[in-house]
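A short write-up of the structure that comes next.
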Amino acid sequence: MKDKAHIGILTIQNDLHALTIKKYFENHEDIVCSIIETNSICNQSSLSWSNIDEKDFRCTITNNEGGKINVNELDVIWWRRFNSPQILPDYVTDSRHIDVINNDCKTSLLGLLLNDFSGTWLNEPNTTNLAENKLIQLKAAQYAGFKVPCTLVSNEPARIRQFCAMLKYQVVVKPVKGSLGVPLFTKKLAEEHLTSDESLSLSPAIYQEYISGNKHIRAHCFGDAVYAVLIESDLLDWRQNLDIPFSVFELDENSKICLGKVLKVLGLKMGIFDLKLTEEGKKIWLEVNPQGQFLFTQGISGLDLTSAFAEFLYQEAKKAFQRKVGSGA
């Protein structure tokens, strides 16, 4: 039986968050931390799964240092980054070949892990996919007790125009899912944006009540612990310019309870939340990212989120390890 808890970080090559957390655990004698690069399976990392119950056919994946990992010996998987395309050899140029490689690498890795990993997910892949859907998030936030903006998701021109008129055109528009390749920021809608039926009907978008004010809250929920910062920006989407004030912010207990309820409803163990403060000081729900970034917030605000998240990972790994020891696995 192994004598150390083992954390696996599933992410893309050269991910700063993963490298930072792995570095943090280097001096922990009771933890092993491995990075598994999800976009390096093609021609670089080996992957094997079989239904043959023999040692030679055990389920393995290669870490970023070339070592083989038995998947069933992992105690925690941090499901950080998964959907990026594979890093391909230069000679692979046919789009059909590229499509097959990307799909088969992704599906093989997911199937291997869902079949054979028996530890704790942060967060479970299928749960993460559902929780990333902004429509599902919105419903969960309402159920948890948050005030949420009036929202319409539609590609029906008449209904979109009716909704915007009802709100006196104080409306923002943002993508439902968007694109990995092209960042799409939240924008204030103008009446001239509503003139083209063809444009409006191409794809559903999120049309949402505009919430005025320049104070935004980013709350990092790692299990039951909540670490929040206040961000002051006149931009509707503050991500466009990070040369703005970030300061540590203490959320009230009711808001923390509501955040915990959202995590529970969505089946998540962690999440990074965006809220907005109205000019009257009321907290308005915006969204949650099950695997959001936190290092830039730490760098600007000075809040030590690396230690907070690593401690959360550590405790989850130790609990999962003890469960396996107790069951004799």
**OP:** Within region 1-56, count every residue that is touching a Pro at 6+ places or on another chain (Cβ under 8 Å) and among the basic types (Lys, Arg).
**Re:** 0
**OP:** Check region 38-50 and report whether any residue there is in contact (Cβ under 8 Å) with a residue 24 or more places away in the chain, in a helix (DSSP H, G or I) and at negative phi.
**Re:** no
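Condition check ((1) in contact (Cβ under 8 Å) with a residue 40 or more places away in the chain; (2) closer than 25 Å to Gln240 by Cα; (3) hydrophobic (A, V, I, L, M, F, W, C)) across all residues:
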{"position": "Lys139", "(1), (2), (3)": "no, no, no"}
{"position": "Phe146", "(1), (2), (3)": "yes, no, yes"}
{"position": "Phe163", "(1), (2), (3)": "yes, no, yes"}
{"position": "Val172", "(1), (2), (3)": "yes, yes, yes"}
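I want to confirm something. Restricting to region 49-65 and keeping residues that are farther than 17 Å from Ser118 by Cα and not hydrophobic (A, V, I, L, M, F, W, C), which single residue is modelled with the lowest pLDDT?
Pass one, region 49-65, residues farther than 17 Å from Ser118 by Cα: 52, 54-57, 62-65.
With the extra rule that they be not hydrophobic (A, V, I, L, M, F, W, C), the set shrinks to 54-56, 62-65.
Numbers: Glu54: 80, Lys55: 79, Asp56: 76, Thr62: 94, Asn63: 94, Asn64: 94, Glu65: 93.
The selected residue is Asp56.
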Subject >> In region 189-202, the residues that are at pLDDT below 90 and surrounded by fewer than 16 Cβ atoms within 10 Å (Cβ to Cβ) >> reply: Ala190, Glu191, Glu192
Original post:
Got a sec? Which strands (runs of 3 or more DSSP E) wholly within region 127-239 have at least 3 residues that are within 19 Å of the chain's Cα centre (by Cα)?
Top reply: 215-222, 225-232
Subject >> Exclusive hit being surrounded by 15 or more Cβ atoms within 10 Å (Cβ to Cβ) and not assigned by TED's automatic domain parsing to the domain that holds Gly271, set Leu135, Leu167, Leu114 >> reply: Leu167
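State whether one or more residues within region 296-311 are among the hydrophobic types (A, V, I, L, M, F, W, C) and in a loop (DSSP other than H, G, I, E, B). Full working, then the answer.
As a first pass, look at region 296-311 and keep what is among the hydrophobic types (A, V, I, L, M, F, W, C): 296, 300, 303, 305, 308-310.
Cutting the leftovers down to in a loop (DSSP other than H, G, I, E, B) gives us 303.
Yes, region 296-311 contains at least one residue that is among the hydrophobic types (A, V, I, L, M, F, W, C) and in a loop (DSSP other than H, G, I, E, B).
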**OP:** Hey, could you check region 112-126 for residues that are touching a Pro at 6+ places or on another chain (Cβ under 8 Å) and part of a helix (DSSP H, G or I) and say which is farthest from His6 (Cα to Cα)?
**Re:** Leu114
Original post:
In region 240-273, how many residues are among the β-branched types (Val, Ile, Thr), outside any strand (DSSP E or B) and within 25 Å of Glu132 (Cβ to Cβ)?
Top reply: 3
Original post:
Here is a list of conditions, (1) of a type in the set (A, V, I, L, M, F, W, C); (2) crowded, with 21+ Cβ neighbours inside 10 Å; (3) out of contact with any strand residue (DSSP E or B) (no Cβ under 9 Å at 6 or more places or on another chain), and Leu295 meets all of them except one; can you say which number that is?
Top reply: (2)
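The values are calculated or read from the model by the stated rules, or taken from the named source; none is laboratory data. This structure is a prediction, so every number in the text was calculated from the model and none was measured. Glycine gets a Cβ as well: all are built from the backbone with ideal geometry, and neighbour counts include every protein chain shown.
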